[in-house]
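Beneath this line is the structure, given in structure tokens, with notes to follow.
The values are calculated or read from the model by the stated rules, or taken from the named source; none is laboratory data. The structure displayed is predicted, hence computed values, not measured ones. As a convention, Cβ positions derive from the backbone with ideal geometry for all residues, glycine included, and neighbour counts pool all protein chains shown.
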Amino acid sequence: MSKVWSEIYATVGVMDSYATVKHMKQLQKILTQFRVNITGPTEPKTKNQEIEALLGITASNDIDLRPPNKAKNKGSGKRLRSSKEKAKTKQQKRKRRCGNCKKWVNHNSRTCTLPFAESPPSDDEDEEESETEEEYESDA
């Protein structure tokens, strides 16, 4: 086998530098005839025929493809609450005492609307707040 390949490579190498197109076509014809004598005549195959021969099955002509169902994105089923519902839930929350304005409200010193530079309210307001504090403690 190695001697045959060696002879083929040597012949192609010589043809590369000395042969004309006529000589190359003649070599191709000789090799093709030799192969046909050994294996018998073969028909040129299409791409589908080659795949069917390789896999051993035939492709059906009836192909039924449909587009996939549309996927729901994450969070697509979330319901938006109205401002009325938001206010109702905020009203139900327990109030806390803001460290900045010293009132019982739904915010703390970080989210207070009064600036930190203002002084806290006078003691008169603290008395009113202590009454509301007692109301919340009695409710709890």
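Table for the structure above
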| item | result |
| --- | --- |
| Residue in the range 14-37 that is part of a helix (DSSP H, G or I), more than 55 Å from the chain's Cα centre (by Cα) and of a type in the set (Gly, Ala, Ser) present | yes |
| Hey, LEU54 outside the structural domain of VAL12 (by TED's automatic domain parsing), in a helix (DSSP H, G or I) and among the hydrophobic types (A, V, I, L, M, F, W, C) or not | yes |
| Those residues of the range 38-53 which are surrounded by 10 or more Cβ atoms within 10 Å (Cβ to Cβ) and not aliphatic (A, V, I, L, M), in sequence order | LYS45, ASN48, GLN49, GLU50, GLU52 |
